[in-house]
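Structure first, commentary second.
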Amino acid sequence: MQYRDYDAESERRQGVENFYHTNHIHQTYDFVKKMREQYGKLNRVEMSIWECCELLNEVVDESDPDLDEPQIEHLLQTAEAIRRDYPDEDWLHLTGLIHDLGKVLLLPSFGELPQWAVVGDTFPVGCAYDESIVHHKYFKENPDHYNPAYNTKYGVYFEGCGLNNVMMSWGHDDYMYLVAKENKTTLPSAGLFVIRYHSFYALHRSGAYKHLMNEEDVENLKWLQIFNKYDLYSKSKVRIDVEKVKPYYISLIEKYFPAKLKW
């Protein structure tokens, strides 16, 4: 089975293309700024990481051509596969578990955002949209494409400015990054990098936007590329015994996060 094959004739192909059409029209610099301000307040709910994992079971990601199982299974498949191969990197096991928790944005208590504002590949806003971005042609309908402040190679950024200074299209990645950072997680910067950029395929698969990276990004990208293999290919049909592995992940959550987080 091939993963992430957007050209495969699957029943979801047209749906995925329509999704990116809408996404590419609406993900503008101003939209992202507004969403970061709104959700950066973290004033919706207080709950633990594990409570959020359980909440995520109610979510279906329409942009993913591969995934038809409960989200918590995918989270644990990812985490357990990493744990098997990198037993000493417990921060990466936990990152595997929590990387998609921002998808709760699809739920009513989090504003029930449309799919195009939560899932799918992410990309920088405020500079030119690279041609390696999936379904790039639809950016022609995005107003930023014609704005001279935003449509050049660097746009509002500069060489080596660091990806933490770059605004990314809004979605579950950036939201979970804000939640983790503002709740003072002690995950290493590579963990936060993986959370924020795991859907940034133009960077980690196509090598675009490297002119915006600083030295820390270059180091962290190595971990993201390791992580990505598990994120994609752990979508196996192997069922995980949630109760059996739960105590281990609860111990990691206690190590790296407060008991309750603001979301």
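The values are calculated or read from the model by the stated rules, or taken from the named source; none is laboratory data. None of the values given here were measured: they were computed from a predicted structure. All Cβ positions, glycine included, derive from the backbone under ideal geometry; neighbour counts span all protein chains shown. What goes into the accessible areas is simple: the full protein's heavy atoms, side chains included, and nothing from ligands, DNA or RNA. Shrake-Rupley method; radii C 1.70, N 1.55, O 1.52, S 1.80 Å.
What residue, of 78, 95, is in contact with an Asp or Glu (Cβ under 6 Å, 6 or more places away or on another chain), touching a residue at least 24 places away in the same chain (Cβ under 8 Å) and either under 27 Å from residue 207 (Cβ atoms) or open to solvent by 10 Å² or more (accessible area, probe 1.4 Å) (or both)?
After ruling out the rest, the residue left standing is 78.
With 109, 169 as the choices, which residue is of a type in the set (Gly, Ala, Ser), within 27 Å of residue 55 (Cβ to Cβ) and either open to solvent by less than 20 Å² (accessible area, probe 1.4 Å) or in contact with a His (Cβ under 8 Å, 6 or more places away or on another chain) (or both)?
169
Return the residues of the range 246-258 that are of a type in the set (A, V, I, L, M, F, W, C) and either crowded, with 16+ Cβ neighbours inside 10 Å or in contact with a Lys or Arg (Cβ under 7 Å, 6 or more places away or on another chain) (or both); say none if nothing qualifies.
Answer for the range 246-258, where residues must be of a type in the set (A, V, I, L, M, F, W, C) and either crowded, with 16+ Cβ neighbours inside 10 Å or in contact with a Lys or Arg (Cβ under 7 Å, 6 or more places away or on another chain) (or both): 252, 253, 257.
Can you list the helices (runs of 4 or more DSSP H) lying wholly within the range 170-263 that have 3 or more residues being at pLDDT 95 or above and closer than 22 Å to residue 42 by Cα?
By residue number, 172-182, 189-197, 242-256.
Charged (D, E, K, R) and over 20 Å from the mean Cα position of the chain (by Cα): is that true of residue 215 in this structure?
For residue 215, the condition - charged (D, E, K, R) and over 20 Å from the mean Cα position of the chain (by Cα) - is met.
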